[in-house]
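Notes to accompany the following structure.
The values are calculated or read from the model by the stated rules, or taken from the named source; none is laboratory data. These figures come from a predicted structure and were not determined experimentally. Cβ atoms come from the backbone with ideal geometry, glycine included; neighbour counts cover every protein chain shown.
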Amino acid sequence: MTSVLLTVGSLDSRDGGPSRSVAALGRALNAEGHRANVVTCGAPASAAAAPTVRVVSYGAFGGRALRAVHSAPFRAALMEQAEAHKAELVHDNGVWLQTNHASARAARDLSLPLVVSPRGMLEPWSLRHRAWKKRIAWPVFQRNDLRGASLLHATSDLEAASLRALGLGVPIAVVPNGVDLPATRPRETKIDTAERIVLFLSRIHPKKGLLDLVAAWAALRPSGWRVIVAGPDEDGHAARVAGAAAAAGVGGAFSFVGEVGPDAAAELWQRASLFVLPSHSENFGIAVAESLARAVPVVTTTATPWAALSEWQCGWCVEPEPAALADALREALALSDEQRQAMGERGRAEVQARFAWPSVARQMAEVYRWVLDGGSPPSSVMLP
């Protein structure tokens, strides 16, 4: 059994994939007989109630700016929990925030190994986004914190390559995110109307490529199809996308439904004939795996680690630009409902075999034990 503290700046769903994957990893580790606890900032009630994971929040500081400056209470809570649970290892998630720096400092003060999951925040696109802040943080604390880690965790080979390019001299483990598969296969829905649904369900953020999707849709103008855009809006980007769709003359084909809860998300996936994630940067792209788990085929880009979609015959992975997206969408929309359903079923089988949480938790636990005990590294670990 390994006792690990999982640290993350936020479990708010508006902050992207780690808000779900960190707590889910904790639950999966505990289900495998380990002891995992989460230390975070202002955790929402839904996260605190997650079974088998104790979420310790150091205060209800709701905004990113406040999380950035209130790192001292976070560090104190982390050190208290480490001692209370006899933690052997700290596994921090994300970079750039002062809470990440606090996790690194606490691990050093407690003489505990530190594992860091950058969660896509060191990908080239992310480094260019708001680059001036990162150019300040990198030499001040972030580079040294990463160099002082015992191991970096990447969720894909694509992310691992980006981490190696930074030359930090730290081992890198490639362990994917896990996916909660629905208990049963989605019911087969016979569509009675002429309208089919293409679903986007993720953060509405510039890196997600929605403006490219608008341009691709404007090039195709398919009849009988609607794009539903669901997810939390970041910095008013949804209005920019809606404005672009209206200017291109396809505003009527796009529906913006905002952030949705789990039940509403499941209903959207149930209605969808196709899922699209036209991102410019993803370390994993959990929404792709979640869509496949629900037997919905996917169109995504080579800026995500999903090139195998074509090999698995369950989707398309194309260059992140409008013309390539239009070509993939043209092919996908031309298929029959039965052909798309068969693609989705193949995708579900692949996800079940590769990304089920019990398997992912065992891989991560194996990495933790290597960090703690040494010896021959697991096959998932690349040495510097």
Counting just the residues of segment 100-117 that are in a loop (DSSP other than H, G, I, E, B) and out of contact with any Leu (no Cβ under 7 Å at 6 or more places or on another chain), which one comes out nearest to residue 372 (Cα to Cα)? 111
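Just one of 284, 256 is of a type in the set (Phe, Trp, Tyr), part of a loop (DSSP other than H, G, I, E, B) and in contact (Cβ under 8 Å) with a residue 12 or more places away in the chain; which is it? Walk me through it before giving the result.
Details: 256 fails: part of a loop (DSSP other than H, G, I, E, B).
The unique qualifying residue is 284.
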Spans of helices (runs of 4 or more DSSP H) in segment 7-99 with at least 2 residues modelled with pLDDT under 90 and within 21 Å of the chain's Cα centre (by Cα): 18-31, 45-48, 64-69
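Please list, ordered by residue number, the strands (runs of 3 or more DSSP E) wholly in segment 162-232 having 3 or more residues that are surrounded by 16 or more Cβ atoms within 10 Å (Cβ to Cβ), modelled with pLDDT of 95 or more and of a type in the set (S, T, N, Q).
On the way: elements: 172-174, 196-201, 225-230.
Where strands (runs of 3 or more DSSP E) fall fully within segment 162-232, none carries at least 3 residues being surrounded by 16 or more Cβ atoms within 10 Å (Cβ to Cβ), modelled with pLDDT of 95 or more and of a type in the set (S, T, N, Q).
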Which one of these is under 20 Å from the mean Cα position of the chain (by Cα) and more than 28 Å from residue 160 (Cα to Cα): 305, 358, 262, 297? 262
Within segment 313-323, residues being over 16 Å from residue 295 (Cβ atoms) and either touching a residue at least 24 places away in the same chain (Cβ under 8 Å) or outside the structural domain of residue 344 (by TED's automatic domain parsing) (or both) number 4
Every residue from segment 233-243 that is out of contact with any Gly (no Cβ under 9 Å at 6 or more places or on another chain) and assigned to a helix (DSSP H, G or I): 237, 239, 240, 241
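Would you mind stating whether residue 266 is farther than 21 Å from residue 125 by Cβ and surrounded by fewer than 22 Cβ atoms within 10 Å (Cβ to Cβ)? It would help to see each step written out before you state the result.
Values: farther than 21 Å from residue 125 by Cβ: yes; surrounded by fewer than 22 Cβ atoms within 10 Å (Cβ to Cβ): yes.
Yes: the conditions hold for residue 266.
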